[in-house]
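Only the coordinates and a few stated rules stand behind these numbers; no lab work does. Quick caveat, the model's predicted, so the values are computed rather than measured. Neighbour counts are summed over all protein chains in view; Cβ atoms, including those assigned to glycine, are modelled from backbone coordinates with ideal geometry.
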Amino acid sequence: MAVLIFLVIFIVQTIAEKRILLNDPSLLQSQIHALERKMEDMVVKYTDLSVKYSDLFTKNNDQSAKYNDLSAKYNTLLTKTNAGGIFFRWGRKDCPANNTELIYSGFAGGSWYDHTGAAAEFVCLPRDPDLTTKFTSGVAYMYGSEYNNNEFGHDAGNDLPCSVCRSTVESSVLMIPGKSSCYDGWSMQYHGDLVAGSYYHKAATQYICLDEHPESLVAGQDDHNGKLFYPVRTSCGSLACPPYHNDRYLTCVVCTK
């Protein structure tokens, strides 16, 4: 019984002490100060985080600006990389209407058809040449290129025009002999007939693609039979027949990509 009474007295005293503590102004003041310190710490941390966020936001904007600048440069470089393919259009004074620009038009020329030391290639001579008189001897000659018969729809002796064209969107150029259309993924600039010099002439030549609708120039003073060309005909034997057939004329196409 005495123990029970002691426990009751202890509990009553403890409750009284807690009431006193809760009503103690110094205790409340210290707790308020503690809360204020915690609030100040939180404000400092918030301010620090705000500064870091602003810094990250600024850096992100800088990175975005750099990305946009690099993207613009890449697109410009890509555009320049995919442009600039240059090709000759033989038999025409203009360029195809297929994203191309005319560099210049002029006269097809080359060496005389029967010179043993003749240059092989056809050239497209400009209409505004820059000439010189500093040499006194001539060891090579330049002639015009002429239609040598009426098979191409023009009188024999008429000069052959040419144009130098540049693709504004594509960089690769390919002349395909024996085709009148391009393979998948390639754009056709023009097609026509494969021509070259005659096999019985001494001068070496090259294969070029004469436009399907050639024009002519009445430019030369005389019919000199300069750089001549003829349609190219197949000859079976070492040439695989089929798919080729003997004595058929070859087409050609100029493609870009």
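Can you return the lysines within cross-link range of residue 257? Criterion is Cα-Cα under 27 Å, with same-chain partners fewer than 8 residues away left out. By straight Cα distance, residue 257 reaches 73, 80, 93, 179.
Highest mean packing comes first when the peptides 29-38, 118-127, 204-213 are listed by Cβ atoms within 10 Å, giving 204-213, 118-127, 29-38.
Within straight-line reach of residue 202, meaning a Cα separation under 21 Å, sit the following lysines at least 8 residues removed in sequence or on another chain: 227. Each residue, residue 164 and residue 180, gets one label point 7 Å from its Cα in the Cβ direction; the gap between the two is 3.1 nm. Across the range 159-171, rounded Karplus estimates of 3J(HN,Hα) from the backbone phi angles (6.51 cos²θ - 1.76 cosθ + 1.60, θ = phi - 60°) give 6, 9, x, 7, 9, 10, 10, 10, 6, 8, 10, 9, 10 Hz, Gly and Pro being marked x. When +1 charges are put on Lys and Arg Cβ atoms and -1 charges on Asp and Glu Cβ atoms, the dipole computed for the range 33-81 relative to its Cα centre reaches about 320 debye. Can you run phi through the Karplus equation (6.51, -1.76, 1.60; θ = phi - 60°) for the range 192-209 and list ³J(HN,Hα) in whole Hz, with x for Gly and Pro? Taking θ as phi minus 60°, the curve returns x, 10, 6, 10, 6, x, 6, 5, 8, 8, 6, 6, 6, 9, 9, 7, 10, 9 Hz for the range 192-209.
For the listed peptides 169-180, 44-55, a ranking on the average number of other beta carbons within 10 Å per residue, highest first, reads 169-180, 44-55.
When Lys and Arg each count +1 and Asp and Glu each count -1, what net charge do the other residues less than 15 Å away from residue 117, Cβ to Cβ, add up to?
Counting the neighbours of residue 117, the net charge comes to 0.
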